[in-house]
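Single-structure report; data block below.
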Amino acid sequence: MMRVLGLLGIARVGVHLLFLNGKEIRIMRPDDANIAGNVHGGTILKMIEEAGAIISTRHCNSQSGEKCIAALARVERTDFLSPMCIGEVGHVSAEISYTSKHSVEVQVNVMAENILTGSKRVTNRAALWYVPLSLTNVDKITEVPPIQYEKPEQEMEGRKRYENQKLERLETKERNGEYIVPVVNPNRQNKEPYTVGYSQSSLIHLVGPSDCTLHGYVHGGVTMKLMDEVAGIVAARHCKTNIVTASVDAINFHRKIQKGCIITVSGRMTFTSNKSMEIEVFVDAGMLVGDTEDQYRAVSAFFTYVSLSKDAKPLPVPQLVIETEEEKKRFEEGKGRYLQTKAKRQMNTQSLTQQ
């Protein structure tokens with residue numbers, strides 16, 4: 001695996017963020033966290049994406065040729081292994097693990113450091129896919145410089161991951177015809193508690209210059225942070241307790257979102273187990289000025305949350321009340337994803353104990 005080296009030479013004043021030699025360091029502040037002091041999952045996702053975008057862009061411009069900027073195409077499933085808290089220092093390290101002709105795979109690790117004791121723990125691991133877009137023509141994907149692998153097996157395994165993510169991205173497009181009616185200020189007094197309609201939520205955001213890359217298109221991290229906010233609102237309305245992000249299923253970026261667009265981020269509960277909730281989140285985009293009917297699905301993902309007590313102990317999750325056949329279908333699909341993830345986790349645990 002190859003680490004891309006280099007100096008960025010900038011630090012964001014007031015954000016306590018530095019990206020140096022493939023590493024990002026940032027202290028967690030109160031506005032990064034919820035009322036219980038746990039850092040929002042969206043804040044962590046944004047840090048992960050920033051690290052991935054920087055290292056990918058550096059690598060894609062490491063050889064002479066057309067200048068480009070790396071755009072996020074997909075985030076593989078990521079688990080939030082441990083909540084990060086206010087006052088802790090987040091360490092984000094990024095490495096390039098595979099390159100195809102037109103894409104880059106980046107592996108990102110996140111650690112939390114207690115600056116009083118120096119102790120560290122792993123909080124997140126994520127894999128992201130980027131494509132390089134020409135600075136002069138945003139619709140043109142440039143070629144990616146190849147990397148050198150220590151062993152042939154690494155390249156073969158990377159190619160398998162590449163083919164799998166391509167197939168899964170195509171499969172998610174089948175759901176993109178579905179439209180969620182935005183719910184901005186619903187009358188919940190007329191809805192039954194614990195139903196999909198009771199907790200369903202939406203957020204409307206105008207894309208400004210600070211949200212965008214040099215191309216004038218939204219940073220993937222900005223979009224993921226908004227998605228996590230909406231998913232968190234859905235989870236909190238369902239449980240009425242403190243909640244934290246437990247995991248995010250694959251996030252697929254189907255189309256770019258341009259500066260000046262209005263984006264509608266909508267979330268709805270799809271499945272509940274005894275201790276977790278799955279929320280489906282869609283991002284739909286359309287121009288503020290012009291043909292407002294020309295909306296499109298830009299991003300989609302599933303977020304999983306858990307309910308916590310004041311002592312940060314897991315609480316039982318109220319079971320989702322199903323009202324329609326469509327909700328029942330989505331519930332069964334969510335149950336399938338839950339059981340599949342549970343089985344994989346058990347297999348990994350058994351593998352570790354046998355080593």
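Quick check, is V230 farther than 12 Å from G42 by Cα, open to solvent by less than 10 Å² (accessible area, probe 1.4 Å), in a helix (DSSP H, G or I) and in contact with a strand residue (DSSP E or B) (Cβ under 6 Å, 6 or more places away or on another chain)? In short, no. The requirement of being farther than 24 Å from V131 by Cα and assigned to a loop (DSSP other than H, G, I, E, B) is fulfilled nowhere in the stretch 205-227; no residue meets it. Is it the case that some residue within the stretch 209-224 is over 28 Å from A71 (Cα atoms) and open to solvent by 40 Å² or more (accessible area, probe 1.4 Å)? Scanning the stretch 209-224 turns up no residue that is over 28 Å from A71 (Cα atoms) and open to solvent by 40 Å² or more (accessible area, probe 1.4 Å). For the stretch 135-184, what are the residues that are part of a helix (DSSP H, G or I) and at pLDDT below 85? Matches in the stretch 135-184: R169, L170, E171, T172, K173, E174, R175. Of all the residues in the stretch 247-258, those that are surrounded by fewer than 21 Cβ atoms within 10 Å (Cβ to Cβ) and either assigned to a strand (DSSP E or B) or at pLDDT 95 or above (or both) number 2. For beta carbons closer than 6 Å, sequence separation of 6+ or different chains, a first residue in the stretch 32-43 that is touching a residue at least 60 places away in the same chain (Cβ under 8 Å) and a second that is polar (S, T, N, Q) and not in a helix (DSSP H, G or I), the qualifying pairs are A36/N242; G41/T245. Note on the stretch 134-161: among residues that are over 10 Å from S100 (Cα atoms) and aliphatic (A, V, I, L, M), the one that is surrounded by the fewest Cβ atoms within 10 Å (Cβ to Cβ) is M156.
For the stretch 47-102, the strands (runs of 3 or more DSSP E) that sit wholly inside it and include 3 or more residues that are open to solvent by less than 20 Å² (accessible area, probe 1.4 Å) and under 18 Å from L226 (Cα atoms) are 68-75.
When I263 is tested against (1) of a type outside the set (D, E, K, R); (2) under 18 Å from the mean Cα position of the chain (by Cα); (3) under 16 Å from Q319 (Cα atoms); (4) part of a strand (DSSP E or B), just one condition goes unmet, and that condition is (3). The single residue among K313, K256 that is over 24 Å from the mean Cα position of the chain (by Cα) and among the basic types (K, R) turns out to be K313.
Residues are listed down the side, and each one gets a yes or a no for (1) within 18 Å of L203 (Cβ to Cβ); (2) open to solvent by less than 20 Å² (accessible area, probe 1.4 Å); (3) under 17 Å from the mean Cα position of the chain (by Cα); (4) modelled with pLDDT under 95:
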site: K240; (1), (2), (3), (4): no, no, no, yes
site: E278; (1), (2), (3), (4): no, yes, yes, no
site: V321; (1), (2), (3), (4): no, no, no, no
site: K335; (1), (2), (3), (4): no, no, no, no
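When residues in the stretch 185-199 are screened for being surrounded by 11 or more Cβ atoms within 10 Å (Cβ to Cβ) and modelled with pLDDT under 65, 1 of them pass. The test for being in contact (Cβ under 8 Å) with a residue 12 or more places away in the chain, part of a loop (DSSP other than H, G, I, E, B), open to solvent by less than 80 Å² (accessible area, probe 1.4 Å) and not hydroxyl-bearing (S, T, Y) does not hold for V131.
If you go through the stretch 281-320 and keep only what is touching a helix residue (DSSP H, G or I) at 6+ places or on another chain (Cβ under 9 Å) and either of a type in the set (S, T, N, Q) or assigned to a loop (DSSP other than H, G, I, E, B) (or both), you end up with S300, T304, S307, L315, V317, P318, L320.
The condition (being within 27 Å of P314 (Cβ to Cβ) and β-branched (V, I, T)) is satisfied by just one residue among I44, I69: I44.
The values are calculated or read from the model by the stated rules, or taken from the named source; none is laboratory data. Predicted, not measured: the structure shown is a model, and the values here were computed from it. Neighbour counts run over all protein chains shown; Cβ positions are idealised from the backbone, glycine included. All accessible areas refer to the heavy atoms of the entire protein, side chains included, with ligands and DNA or RNA removed. Shrake-Rupley method; radii C 1.70, N 1.55, O 1.52, S 1.80 Å.
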